[in-house]
Each structure stands twice: as structure tokens, then as C-alpha cells.
Amino acid sequence: MIYLKYVYLQYRVTFLPGAFQNVNVSLNETVEAVVTRIPPDVAFITLQFHTLHRNATLSYTRIPDEGPFLSAVDSGLLTALQPAQIRLSLFLSSPDEEPVSGTGVILSYSSTAPVPGACSMESSLDVDPNVYISYNLYETTVRFGPANLGYQRGQTPAACDTSTASDTRWRLEYDVYQYFLPESDLSESSLFSSLKAVADARGMAASGRLVVTLKSTDKTAVAFSSIPGQGVIYSVIVRDPVLNTSASYVPAHTYACSFTSTLDGCQTLGKISTKVFFTIAGLAGLFVCFFGHRFFKCELFCMGFSFAAFFFFVLITRTTQLDYDIRLTVSAVVGVVGGVVLVMSWWRFGSVMACVVVVGLMLGFLVAAVVLFTPLGDLEVFRNSDVVFWVTFCCIMVTLPLFFVRWPREGNIVTCGGVGAYAVVLAVNAYVYTSLSYITLNILKRFLNNNFSAAFTDAPFQTIDYALITVWAVLGVCGVVLQLYRERSRPFFPPSPYLMWLQERERRKTNVLDPSHHVPSLAGRLVERARQLVGRREPAGEHTPLLL
């Protein structure tokens with residue numbers, strides 16, 4: 001039997017193997033973790049300790065600086081046991097001079113199991129079983145050190161890089177797993193309960209999602225799409241396919257945001273400018289969803305605004321270092337110009353087909369983003385080649401407008417329903433997190449970051465996402481059906497006001513029977529009116545009433 005005891009000044013906490021125990025480390029306090037009664041078939045032991053966002057220090061010595069140690073939110077130490085060793089001590093402390101609360105567990109492995117991180121050459125630890133996470137706005141990168149074959153107590157471990165034969169570490173395989181925490185839940189209790197489910201290899205294999213399996217010849221780093229505010233646990237399980245054994249690295253978690261930042265931290269994620277922008281966009285989308293085709297000029301303005309604002313935001317982000325709020329404001333102004341240009345092009349030239357093709361590109365963009373948001377987008381051919389990805393995306397995007405040539409009114413109404421309803425979803429996302437926003441956000445990230453292609457773009461689908469998919473579908477279908485029914489007896493598209501004015505002017509010139517033909521021009525009417533106002537009235541003469 002293995003016991004893990006944390007010795008405090010006043011009390012003691014005892015752990016059972018594989019059982020989590022919450023631990024509080026007070027200021028200026030060192031907690032000793034004592035493992036006793038270690039069975040002889042156990043070759044090495046890992047100690048994990050996890051906190052929500054504060055660093056904790058694990059060390060082999062009471063004073064961390066006197067030996068190897070690790071300070072991290074998710075930290076772990078691996079100890080290879082000596083012959084006849086039945087007792088082990090490790091130490092836990094707070095590196096930041098403030099109390100730390102977390103949860104810990106010990107896991108034991110036999111000599112046939114691989115040793116996680118035993119061939120890590122970049123760590124200060126001799127054996128580093130930890131998973132390291134780094135993130136930015138676009139991607140989250142998971143790194144870990146190579147493992148080695150297991151060995152008996154007291155034996156010398158196999159050399160890491162002297163040979164690539166089948167009896168060396170090069171036969172090992174690494175399964176990279178991903179486990180999503182409940183959406184919009186930043187609580188410590190949610191994190192700890194999830195860690196209990198996936199701390200070991202069996203739990204992660206049962207509850208997590210296998211993302212990729214790496215060979216020993218592959219780079220021990222995997223990139224994922226960042227989802228700020230969404231908790232994710234990453235873990236690596238190293239397998240020995242010859243002995244059919246496995247061992248788990250220390251799982252690590254991230255929310256892709258900061259708990260300590262006073263601006264745009266995890267608790268205040270989402271800028272006011274973003275909420276205002278997408279709230280207005282959602283209201284406009286709801287209007288377009290149900291009335292877009294009837295109010296054709298309003299629809300053209302909204303589509304032109306979206307098209308111009310999106311691509312100008314990409315351009316200004318890639319070429320400047322302006323603040324986000326400034327970029328969003330300038331993009332909105334350019335979007336207004338783009339909407340006005342699209343409306344005026346229809347007003348002046350009357351080319352409905354050209355405008356509908358632009359509208360069709362908006363629907364094609366959304367459909368292409370949806371297709372590549374599915375697991376198809378994580379295919380290796382798309383992650384390894386930007387050319388293949390963008391060619392596929394553009395092919396899907398330009399295919400839909402071709403159908404608009406044959407059915408322009410129906411295509412325009414379908415675009416109003418689909419795109420307008422998705423704008424409502426984006427407005428909801430400004431206040432409540434939903435993975436559906438990453439349908440288009442992943443495309444935006446790929447535009448802005450040249451290295452984003454290698455990232456896995458899967459996102460969690462939980463209750464709120466299924467509810468919003470239903471809302472999206474219901475709004476879209478209702479909007480399309482309502483507009484098709486209302487417009488069934490009307491002309492396909494309203495006529496161009498400018499062309500109507502030209503026709504009316506020509507008609508008035510040629511039709512002398514039309515009373516309006518004899519109406520003076522506007523300039524003539526203005527001159528005559530001014531003459532009446534400033535001119536002197538002639539006397540009316542005698543005012544004697546007429547005799548009956």
C-alpha cells in the first residue's frame with residue numbers, strides 16, 4: 001500500500017494511491033509529501049499538483065533552490081525508485097509569497113511502463129513528465145519531452161539517442177488528448193472534478209478526445225486553436241506497443257486568458273466595443289433574416305458592410321499595430337462606405353445580378369467556413385498546406401453564386417435567412433460564449449496568422465451550442481419561408497430608382513398629352529416663385545362689387 005502524507009505544522013493529510021486530495025499551502029510554509037509502504041513491483045512514482053491559476057512549487061528538497069524543482073500551475077515530479085526503497089519524500093511550497101490551494105495525486109507505475117519525459121533534453125529536471133502550454137490570441141501550443149523505456153529498480157535506463165532499433169525508445173508512440181471543461185465555467189471546483197476524471201491514462205482515454213498520435217520521430221509539439229475563456233485540459237499518454245503498456249504525462253490546463261489581468265482578463269473577457277458592434281450587427285441580421293428581400297437597399301447595405309469591414313479588418317491588422325478598438329472603429333467606417341458603394345452601384349446601374357453575386361459570395365463564405373469547421377478542417381492535407389486549404393475554401397465559396405444566376409430571388413432570400421440568422425448567433429456570443437462563433441473566427445485567424453494552419457481547430461459542443469444551432473436553424477428557415485411566401489406574387493427584384501427616373505423623364509418629354517409635360521422645369525419654377533415674392537403687385541383697380 002502507498003500512502004502520501006502532507007505534514008503541516010498543526011495537521012496531516014493522508015493520500016491513497018490514485019485518490020485526489022485538496023491541499024492548502026499557507027504563506028511561508030513548506031509541505032512535506034511522504035510516500036510510504038511502496039510495493040516492490042513499483043519502479044517509479046509521479047506526484048501531480050494542480051491549481052486554478054497560481055503557481056505552486058514541487059521540489060525534491062525542503063529548500064527548492066538546493067535541488068531540482070518546478071514552479072507551475074500544473075506541476076509534477078517523477079522519481080525512479082532504488083532497490084528496497086519503501087519511502088519517498090517530496091516538498092510543496094508557494095513561490096509567490098501568497099497562499100496556494102490545489103489538488104494533488106500520486107500515480108505509480110511498474111518497470112514495464114514507459115517513463116514520461118525521461119529523454120527530455122530541454123528541461124532542468126533529469127526526468128520531466130510535464131506537459132507545457134503556451135498560447136496567444138490565435139493558437140495554443142502543447143509541448144512535452146520524449147519518453148524512454150521502463151526499467152527495473154537499480155538498473156541503468158536505456159540510452160536515448162544511440163540507436164533507433166526496435167528495442168529502444170524509438171518504438172514508443174504518443175497519444176495527445178484534449179478534454180473540454182464546461183463552457184463559461186471558470187470555477188476551481190469544475191477544474192478539480194475534471195482533473196480527477198482524466199489524471200491517469202485510463203481516465204483520459206475514456207473521457208478525453210484523441211486528437212493525434214505521434215511517432216517517436218515526430219516533433220513533440222502540437223498546436224490547437226485558442227479559445228479564450230474556454231477551459232481545456234491537455235494530456236499525453238505514451239504507449240509501448242511491444243509490451244502493451246502505457247503511462248500518463250502530467251495533465252495541464254489552460255483558459256487561453258489571464259486571471260490576473262485587469263483588462264480583458266478571464267473574468268472580463270470581451271471588450272465593450274465588440275459587444276456594441278455585434279449587438280448592432282445582430283439586430284441588423286434579424287431584420288435582414290425576415291425583411292431583407294423586401295427592403296432590398298437595406299439588405300445590400302448590410303451585405304456590403306459585412307464584406308468590406310471583414311476584409312479591411314484583415315488588411316489593417318496585418319499591416320498595422322493599431323489598438324483593437326481603433327481597428328474595429330475604422331473597419332466599421334470602411335464597412336459603411338462599402339455598403340453605400342454596393343447600394344449606389346445598384347441605384348445607378350441597376351445591375352441586380354452583379355449585386356446578387358456579391359450577396360451570394362457572403363453565403364458561399366459562410367458555407368465554406370461551416371464545412372471546414374467540421375472535422376474535415378483538421379485533415380492533415382489542410383493543416384500541411386495553406387494552398388490546398390484556400391483553394392478548397394474559394395471553390396466552395398464561388399460555387400454557390402453560380403446557382404444564383406438561375407434562381408436569383410430564391411438565392412437572395414436564402415442568403416438573407418442564413419447569414420442574418422448567423423449574425424444573431426454572433427450577437428449572442430458577445431455575451432454568452434458559444435463555439436459557433438469559431439466558424440468564422442477560425443477563418444479570420446487563418447487570414448491573420450501565417451502559422452495557424454498547423455493548429456487543430458476543434459471546439460467543444462455543449463448545451464449552449466446545440467441550443468444556438470436550433471435557434472440558427474429555426475430563424476433561418478422561418479425567415480426564408482416567410483419571405484418566399486410574401487414575395488411570391490411580387491416582381492423578382494425592385495427596379496433601379498435611377499433607371500425609373502430616366503424612363504419617367506423620357507416619357508414626359510415625348511408624351512404631350514401628359515399634364516406633367518407642360519409643367520415648367522424645377523429651375524423655371526424656382527425663378528418664377530422668387531419673382532412673385534420680390535415683385536411689386538399691380539393695383540387691382542375699382543373694388544365695387546358686381547351687380548347681380
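The values are calculated or read from the model by the stated rules, or taken from the named source; none is laboratory data. Predicted model only: the values in this text are computed from it and were never measured. Positions of Cβ are generated from backbone atoms using ideal geometry, with glycine treated the same way; all protein chains shown enter the neighbour counts. We work out accessible area using only protein heavy atoms, side chains counted, and drop any ligands, DNA or RNA first. Shrake-Rupley method; radii C 1.70, N 1.55, O 1.52, S 1.80 Å.
Quick notes on this one:
- Peptides 188-194, 421-427 ranked from most to least packed, by the mean per-residue count of other Cβ atoms within 10 Å: 421-427, 188-194.
- A viscosity of 1.002 mPa s and a temperature of 20 °C, combined with the Kirkwood radius over Cα pairs in Stokes-Einstein, give a translational diffusion coefficient for segment 98-236 of 128 µm²/s.
- Compactness index (Cα Rg / 2.2 N^0.38 Å), segment 50-161: 1.16
- By accessible area with a 1.4 Å probe, ligands and nucleic acids excluded, highest first: order of Val334, Val105: Val334, Val105
- Taking 31 Å as the limit for the C-alpha separation, the pairs Lys275/Lys445; Lys215/Lys271; Lys196/Lys271; Lys196/Lys445 exceed it in the case of Lys215/Lys271; Lys196/Lys271; Lys196/Lys445.
- With protein chains left intact and a 1.4 Å probe, residues in the chain average 51 Å² of accessible area per residue.
- Chain lengthening between Glu97 and Thr156 when straightened (0.36 nm per residue, less Cα-Cα): 17.3 nm
- The heavy atoms of Trp170 present about 70 square angstrom of accessible area, all protein chains included, probe 1.4 Å.
- Taking the 1.4 Å solvent-accessible surface of segment 272-487 as the whole, the part contributed by carbon and sulfur is 77%.
- Within the chain, the selection of entire DSSP H helices by a Cα span of 30 Å or greater along the long axis and an average Kyte-Doolittle value of at least -1.0 returns 296-319, 324-349, 352-373, 386-406, 408-429, 463-486.
- Ligands, DNA and RNA aside, His50 has an accessible area near 0 Å² when probed at 1.4 Å.
- Taking max minus min of the alpha-carbon positions on each principal axis, the chain gives extents of 140, 52, 40 Å, largest first.
- Intensity falloff of segment 311-385 expressed as log10 I(q)/I(0), Debye formula with alpha-carbon point scatterers, at q = 0.19, 0.28 Å⁻¹: -0.97, -1.11
- A 1.4 Å probe over all protein chains sorts Arg239, Arg383, Arg490, Arg169 by accessible area into Arg490, Arg239, Arg383, Arg169, starting with the largest.
- Nearest-10 value in Å² for the accessible area of Leu366, using the 1.4 Å probe: 20
- When Lys275, Lys196 are compared by accessible area at a 1.4 angstrom probe, the order from most to least is Lys196, Lys275.
- Local net charge near Trp347, Cβ-Cβ under 14 Å (Lys/Arg +1, Asp/Glu -1): +1
- Long-range HN-HN contacts of Gly18 with modeled amide H, under 5 Å: Ile106
- Cα-derived Rg to Rh of segment 253-365, Kirkwood definition: 1.08
- Ellipsoid semi-axes in whole angstrom, largest first, where each is sqrt(5λ) of the Cα gyration tensor of segment 272-487: 26, 20, 19
- Cβ-isolated cysteines (cut-off 4.7 Å), the chain: Cys289, Cys298, Cys302, Cys355, Cys394, Cys395, Cys416, Cys478
- Taking the C-alpha atoms of segment 373-458, convex hull volume expressed per residue in Å³: 104
- Amide H contacts under 5 Å for Ser258: Cys266, restricted to partners 5 or more places along the chain or on a different chain, H placed in the peptide plane at 1.01 Å from N.
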